[in-house]
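Reviewing the structure listed below.
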Amino acid sequence: MRIYILSRNRRLYSTRRIVEAGEARGHDMQVVDPLRCYVKLSAHRPEVHFKGKILPSPDAVIPRIGASVTFYGTAVLRQFEMMGVFPVNESVAISRSRDKLRSMQLLSRKGIGLPVTGFAYSPDDNEDLINLVGGAPLVIKLLEGTQGKGVVLAETNKAAESVIDAFHGLKAYFLTQEFIKEAGGSDIRCFVVGDKVVASMMRQAKEGEFRSNVHRGGQARAIRITPEERSTAVRAARIMGLNVAGVDIMRSNHGPVVLEVNSSPGLEGIEGSTGKDVAGTMIQFIERTAVAGKTRTRGRG
């Protein structure tokens with residue numbers, strides 16, 4: 001099979017591992033920078049061009065699109081979908097998961113456990129917005145933040161009001177969220193491929209930090225998750241429409257709650273902590289499911 005990986009950097013661990021896993025199984029793996037692509041819109045022959053040439057239509061495409069290039073990256077992916085190429089994750093599903101508010105509304109509608117969350121732009125009553133999620137301590141998140149950036153833990157109501165006023169001054173959209181104290185600064189990354197959790201790890205924040213992101217010094221280790229956590233992760237990925245997803249879960253007193261569903265989860269932490277060949281599992285999924293024209297959206301939405 002000819003498989004394209006939409007990635008800006010072929011040296012990234014995740015991109016390298018996917019290439020290695022595909023080549024080990026005899027596939028033609030090509031890394032394509034989505035920002036170097038340009039498209040021809042046509043009623044009958046849509047095309048994707050790259051470095052001055054038409055890209056031959058592949059059997060499948062694996063999007064590894066960074067949050068900062070979501071708009072253009074999904075536009076290129078949508079063009080492949082219009083050509084009938086099988087996407088591991090569809091453009092609509094990626095856009096849906098990148099919108100924190102939209103994704104949480106969809107999960108909430110389907111009954112997935114979530115931290116109690118408020119959304120505001122210019123609240124008339126900061127105190128009510130704070131009390132809506134149980135009061136301090138609470139977490140305040142910018143909608144556009146990634147990898148723990150733009151996330152603040154407000155220890156007191158006064159501190160929360162100051163952060164809210166600051167975000168309002170920046171004309172920024174933000175969420176207020178219940179602080180899950182009992183999680184102790186840890187969360188669980190469930191790596192979903194298809195309809196299964198193929199690997200899971202617990203991430204523990206470093207001392208004095210509440211964000212468990214490995215990028216911020218958090219430690220990761222393999223963990224055995226409960227059937228309820230497994231079911232929650234698979235359902236969350238399915239609701240987003242993602243075949244491959246990193247579902248972040250916290251253990252709360254009222255059961256597992258989903259923090260985020262990541263459409264381009266990194267492989268280094270999960271493979272390093274669990275010893276599992278997650279990249280190989282992704283390639284096997286493509287082998288089983290990639291069929292020309294097998295895309296629900298065909299570029300719509």
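Before moving on, here are some points about what is shown:
- Odd one out for Glu81 among (1) exposed (fewer than 15 other Cβ atoms within 10 Å of the Cβ); (2) at pLDDT 90 or above; (3) acidic (Asp, Glu); (4) within 24 Å of Gly246 (Cβ to Cβ): (1)
- Candidate set: region 71-116, residues that are β-branched (Val, Ile, Thr) and not in a helix (DSSP H, G or I); chosen: the one nearest to Ser263 (Cα to Cα): Val88
- Pick from region 1-27, criterion among the polar types (S, T, N, Q) and touching a Lys or Arg at 6+ places or on another chain (Cβ under 7 Å), ranking: nearest to Val278 (Cα to Cα): Ser14
- Thr15 passes every criterion in (1) polar (S, T, N, Q); (2) surrounded by 21 or more Cβ atoms within 10 Å (Cβ to Cβ); (3) in contact with a helix residue (DSSP H, G or I) (Cβ under 9 Å, 6 or more places away or on another chain) apart from (3).
- Any hit, region 44-55, residues being in a loop (DSSP other than H, G, I, E, B), of a type in the set (D, E, K, R) and surrounded by 14 or more Cβ atoms within 10 Å (Cβ to Cβ): no
Listed here are the residues, each with its yes/no results for (1) of a type in the set (Val, Ile, Thr); (2) assigned to a helix (DSSP H, G or I); (3) in contact (Cβ under 8 Å) with a residue 40 or more places away in the chain; (4) in the same structural domain as Val257 (by TED's automatic domain parsing).
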{"position": "Ile164", "(1), (2), (3), (4)": "yes, yes, yes, no"}
{"position": "His168", "(1), (2), (3), (4)": "no, yes, yes, no"}
{"position": "Leu175", "(1), (2), (3), (4)": "no, no, yes, no"}
{"position": "Ile188", "(1), (2), (3), (4)": "yes, no, yes, yes"}
{"position": "Phe191", "(1), (2), (3), (4)": "no, no, yes, yes"}
{"position": "Ser200", "(1), (2), (3), (4)": "no, no, yes, yes"}
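Per-residue answers, yes or no, for (1) farther than 25 Å from Gly269 by Cβ; (2) of a type outside the set (Val, Ile, Thr); (3) in the same structural domain as Gly266 (by TED's automatic domain parsing):
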site	(1), (2), (3)
Leu6	no, yes, no
Val19	no, no, no
Glu47	yes, yes, no
Lys53	yes, yes, no
Pro58	yes, yes, no
Gly84	yes, yes, no
Pro87	no, yes, no
Ser103	no, yes, no
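- Lone unmet requirement of (1) buried (at least 18 other Cβ atoms within 10 Å of the Cβ); (2) part of a helix (DSSP H, G or I); (3) modelled with pLDDT under 95 for His215: (1)
- Exclusive hit being part of a helix (DSSP H, G or I), closer than 26 Å to Arg16 by Cβ and in contact with a helix residue (DSSP H, G or I) (Cβ under 9 Å, 6 or more places away or on another chain), set Gly246, Gly269: Gly269
- Among residues that are without any contact (Cβ under 8 Å) to a residue 24 or more places away in the chain and either surrounded by fewer than 19 Cβ atoms within 10 Å (Cβ to Cβ) or in the same structural domain as Thr232 (by TED's automatic domain parsing) (or both), Ser108 is included.
- Some residue of region 136-147 being among the β-branched types (Val, Ile, Thr), surrounded by fewer than 17 Cβ atoms within 10 Å (Cβ to Cβ) and either at pLDDT 80 or above or over 19 Å from Ser103 (Cβ atoms) (or both): no
- Test: Ala205 is hydrophobic (A, V, I, L, M, F, W, C), within 23 Å of Asn9 (Cβ to Cβ) and modelled with pLDDT under 95: no
The values are calculated or read from the model by the stated rules, or taken from the named source; none is laboratory data. All values derive from a computational prediction rather than experimental measurement. Note: ideal-geometry Cβ built from the backbone for every residue, glycine included; neighbour counts use all protein chains shown.
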